Amino acid sequence: MTEVTREAFGHLPQEGGGGTVEKFVLKSDSVKAEVLSLGCIVTALQTKGRDGASADIVLGFDSLEGYTKKHPYFGAVVGRVANRIAKGRFTLDGQEYQLALNNGPNSLHGGARGFDKVLWSPEVVPNGVRFFRLSPDGEEGYPGDLKVWVTYTLCGGELAINYRAQTSKTTPINLTNHAYFNLAGQGSQDIYDHEISIEADSYLPVDDTKIPTGSSATGTAQPPAHLASCGGARRARHPPTGRTLEVHTTQPGLQFYTGNNLDGSLRGKGSAAYPKHSAFCLETQGWPDAVNKPHFPDTLLRPGEEYNHTTWLVFSAA
């Protein structure tokens with residue numbers, strides 16, 4: 001049985017729209033997850049090692065102030081479209097849409113004020129919490145009123161994240177959670193003692209702005225690349241503690257990121273510095289720039305349809 005509690009985490013500044021940010025604590029016999037109503041952010045995740053000792057294995061901040069300043073999407077749900085859209089531009093039904101360019105020449109993770117930066121409406125559900133928001137037509141340049149639900153549920157050592165959405169106009173959508181993991185415990189200096197196994201059918205070579213070239217390839221992926229058809233297992237293990245994370249998903253793709261852009265300038269929980277390669281991300285998602293590549297798995301949501309994907313994070317120790 002999972003215990004779910006809620007408490008105030010802080011208040012957003014009035015110039016940003018204000019509002020109270022709540023923290024929801026989900027606790028099972030082996031895992032404790034803390035999630036905010038701001039950006040559906042997983043701000044803490046405690047799991048046990050083989051010796052029974054718990055450690056917080058995700059990067060983040062102790063207070064709301066850290067999350068209201070610029071940071072690399074720690075623990076947040078990103079959207080409407082995770083990853084990159086080339087030149088922030090796409091055409092639907094003969095109409096061209098232009099998005100904010102917030103990553104060189106491209107649009108990244110929903111634009112200048114994506115889903116990670118807004119307050120969601122929470123509701124406690126059995127074993128978890130559900131967040132809702134209405135993304136209005138034209139928000140960040142995207143078409144259609146988009147209703148979105150993100151639900152976190154914890155059962156034993158499994159944390160499930162379900163994403164649902166409905167739209168009034170055809171729109172691209174690609175949601176993921178951007179948690180940064182270090183199975184040795186957040187604040188550890190690197191992930192060089194981790195083992196990662198990803199059984200992907202293929203990978204997507206990308207150009208120098210990290211946009212897929214349009215082809216997929218098999219064999220050993222050379223960075224930079226996006227791991228594509230991920231029908232197999234995704235597994236991370238920290239041999240010294242035995243902590244293991246397995247990722248299962250209904251999504252067709254996975255972005256494996258090793259914190260290359262972390263540089264130690266951010267001070268996180270417990271005043272820990274987060275240097276380069278101090279965490280990894282396993283972002284389950286559709287293929288990047290799919291809205292501009294018709295032969296990629298479809299990321300368009302149409303009126304009358306429902307976007308519905310789930311990712312399961314399974315924690316154990318061996």
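The values are calculated or read from the model by the stated rules, or taken from the named source; none is laboratory data. Quick caveat, the model's predicted, so the values are computed rather than measured. Here Cβ is always computed from backbone atoms with ideal geometry, including for glycine, and neighbour counts include all displayed protein chains.
Things to note:
- Of the residues making up the range 242-260, those that are assigned to a loop (DSSP other than H, G, I, E, B), touching a strand residue (DSSP E or B) at 6+ places or on another chain (Cβ under 7 Å) and surrounded by 15 or more Cβ atoms within 10 Å (Cβ to Cβ) number 4.
- Any chance Arg130 is closer than 19 Å to Gly75 by Cβ, of a type in the set (Lys, Arg) and not in a helix (DSSP H, G or I): yes
- Residue, farthest from Val78 (Cα to Cα), within the range 261-306, restricted to residues that are in a loop (DSSP other than H, G, I, E, B) and among the hydroxyl-bearing types (Ser, Thr, Tyr): Ser265
- Pick from the range 177-201, criterion at pLDDT 90 or above and under 23 Å from Thr250 (Cα atoms), ranking: surrounded by the fewest Cβ atoms within 10 Å (Cβ to Cβ): Ser197
- For Arg237, the test of being over 30 Å from Ala86 (Cβ atoms) and out of contact with any Gly (no Cβ under 9 Å at 6 or more places or on another chain) is passed.
- Taken as a whole, the condition of being touching a residue at least 40 places away in the same chain (Cβ under 8 Å), in a helix (DSSP H, G or I) and either crowded, with 16+ Cβ neighbours inside 10 Å or not aromatic (Phe, Trp, Tyr) (or both) applies to Asp116.
- Filter result (of a type outside the set (A, V, I, L, M), farther than 19 Å from Tyr73 by Cα and without any contact (Cβ under 8 Å) to a residue 60 or more places away in the chain) within the range 150-203: Asp193, Glu195, Ser197, Glu199, Asp201, Ser202, Tyr203
- Any hit, the range 164-174, residues being modelled with pLDDT of 95 or more, surrounded by 18 or more Cβ atoms within 10 Å (Cβ to Cβ) and within 21 Å of Thr5 (Cα to Cα): no
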